[in-house]
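The structure appears below as structure tokens.
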Amino acid sequence: PHLAALVLARGGSKGIPLKNIKLLAGVPLIGWVLRAASDAGVFHSIWVSTDHDEIEKVAKQFGAQVHRRSPKVSQDSSTSLEAIREFLNHHHEVDIVGNIQATSPCLHPSDLIKVADLIQKEGFDSVFSVVRRHQFRWSEVKKGENKMTEPQNLNPAKRYRRQDWPGELYENGSFYFARRHLIEKGYLQGGKMAYYEMRAEHSVDIDIDIDWPIAEQRVLSFGYFGKEPLKEVKLFVCSVDGCLTNGRIYVTEDQKEMVSYDYRDIVGIDLLKKRGIQVRFISERDCSKTLSAIQLGCIAEVKATNKLQVLEDWQKDMGLNWKEIAYLGNEESDVECLKKAGMSGVPADACTVAQKAAGYICKSNGGCGAVREFAEHIFLLLEKVNSARKQ
């Protein structure tokens, strides 16, 4: 049977505008679940249902197909079930839908693989995600009512210790898998049902539980970053024009060139060096005078007609794994380097093809703090590497 992953991503949002593609730890929110779905390898097709051009663009960058939903099911009052049923009406090849929530950025492929087995091998009609919580519930007393609250799941005279109580299962909204015949009858849960219990640290729902800065920290600690394990960065390579500088060249009347840079970026470079990370620069033009004037004390390759060749030479000379290299670029000439490097980033104003190739898109523009921001991102990921080693 054809198993399709379907992410519902409407353009409208009462809270954060275009929340589904807002950058979370350098990756569009929807990108986290699309990467997990792709790497799970269990879906015959991966879809995003949307009514917005920008969301469509991001969805395709992450390899998903796009279903343009109708205005009828794109309203604030529209339900997920209505949008899924519309999708099925246009895609008769689909037998099972795995509806994955875009707001669950800590979802891992291993969870999706196990759920696919429950549906396809064990014959369940619907499977949904839950999380175990240890919370005591009490009855609500409405304002003005003259009565006492009552315990719902505990005896106050003999309260459980956490280790003595298994807790309760709650839906966490990460995903709902269901067969076509159930959805066509108006159900996402029904028939032969099963729940799938997710780890608490992976149960992040931005809509309900958490705000953006906290979510970024959770994702950096517990998110899925790809099939290859992260390694410690030993070399940071930065394109000069458009990353270290804003790409503008000012020419004086006596034909002298001037560029500007942000001191925050110089601090970021210094912090990288203090962490034992070697910093090098690369440029297609001869900017040796610029680099000399800034006095960074770093190796640089200027007039580089083939940036990838330079990067490969450095990688071999230093005996590095590609996962130990971080690269910050902004132009089409940087794309192959961005694809090769273990950590890759671009400033917010980088060209479209460079943004598609990068793993992290900075909030800052080139020459306006992007180097410092990417350095901070590297430090956060290195914390994740060190945490994994300790575990």
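The values are calculated or read from the model by the stated rules, or taken from the named source; none is laboratory data. Values in this document were obtained by computation on a predicted structure and should not be read as measured data. Glycine gets a Cβ as well: all are built from the backbone with ideal geometry, and neighbour counts include every protein chain shown. Ligands, DNA and RNA are stripped out before the accessible areas are found, and what is left, the full protein with its side chains, is counted by its heavy atoms. Shrake-Rupley method; radii C 1.70, N 1.55, O 1.52, S 1.80 Å.
Quick look at the numbers
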{"item": "Inter-probe distance in nm under a simple model that places probes 7 Å from Cα toward Cβ, at residue 217 and residue 339", "result": "3.8"}
{"item": "Computed magnitude of the charge dipole of the chain (debye, nearest 20; Cβ of K, R +1, Cβ of D, E -1)", "result": "1180"}
{"item": "Solvent-accessible surface (1.4 angstrom probe) belonging to residue 142, in square angstrom, nearest 10", "result": "130"}
{"item": "C-alpha long axis of helix 370-390 to longest principal axis of the chain, angle in °", "result": "60"}
{"item": "With DNA, RNA and ligands ignored, accessible area of residue 16 (1.4 Å probe; Å², nearest 10)", "result": "60"}
{"item": "Unit charges at the beta carbon, dipole of the chain: most positive-side option, 288, 146, 246", "result": "146"}
{"item": "Viscosity 1.306 mPa s, 10 °C: Kirkwood-radius Stokes-Einstein D of the chain over Cα pairs, µm²/s", "result": "67"}
{"item": "Candidate aspartates and glutamates - alpha carbon under 14 Å from residue 114, same-chain residues fewer than 8 apart omitted", "result": "39, 122, 197"}
{"item": "Proximal aspartates and glutamates to residue 289, defined as alpha-carbon separation beneath 12 angstrom and excluding residues fewer than eight positions away on the same chain", "result": "257"}
{"item": "Cα pair distances in the range 12-168, grouped into 10 Å bins until the bin that holds the longest one, percent each", "result": "8, 28, 27, 19, 14, 3"}
{"item": "185, 22, ranked by accessible area, largest first (probe 1.4 Å)", "result": "185, 22"}
{"item": "Fraction of antiparallel bridges per DSSP, the chain only, in percent to nearest 5", "result": "35"}
{"item": "Crossing angle, helix 263-274 versus the chain [Cα axis fit, 0-90 degrees, rounded to tens]", "result": "80"}
{"item": "Estimated dipole of the range 3-222 in Debye, rounded to 20 [Cβ of Lys and Arg +1, of Asp and Glu -1, Cα centre]", "result": "440"}
{"item": "Most mobile of 338, 29, 18 in a GNM of the chain (Cα contacts under 10 Å)", "result": "18"}
{"item": "Cα centre as origin, Lys/Arg/Asp/Glu Cβ charges: the range 235-389 dipole, Debye", "result": "580"}
{"item": "Relative contact order %, the chain, counting alpha carbon pairs below 8 Å whose residues are six or more apart", "result": "15"}
{"item": "Out-of-range pairs (alpha-carbon distance over 22 Å; input 22/231; 231/316; 22/307)", "result": "22/231; 22/307"}
{"item": "Share of pairwise Cα separations in the range 201-275, more than 19 Å, in percent", "result": "64"}
{"item": "Fluctuation leader among 317, 95, 39 - the chain, Gaussian network, Cα springs under 10 angstrom", "result": "317"}
{"item": "Exposure ranking of 21, 55 by accessible area [1.4 Å probe, largest first]", "result": "21, 55"}
{"item": "258, 198, 148, 318, reordered so the largest accessible area comes first (probe 1.4 Å)", "result": "148, 258, 318, 198"}
{"item": "Cα long-axis angle, helix 307-318 against the chain (0 to 90 degrees, to the nearest 10)", "result": "90"}
{"item": "Rh by Kirkwood over Cα pairs, then Stokes-Einstein D for the range 235-389 at 1.306 mPa s and 10 °C, µm²/s", "result": "103"}
{"item": "Alpha carbon centroid spacing (whole Å) that separates the range 270-340 from the range 25-45", "result": "30"}
{"item": "Most mobile of 69, 372, 275 in a GNM of the chain (Cα contacts under 10 Å)", "result": "275"}
{"item": "Rounded accessible area of residue 349 (nearest 10 Å², 1.4 Å probe)", "result": "80"}
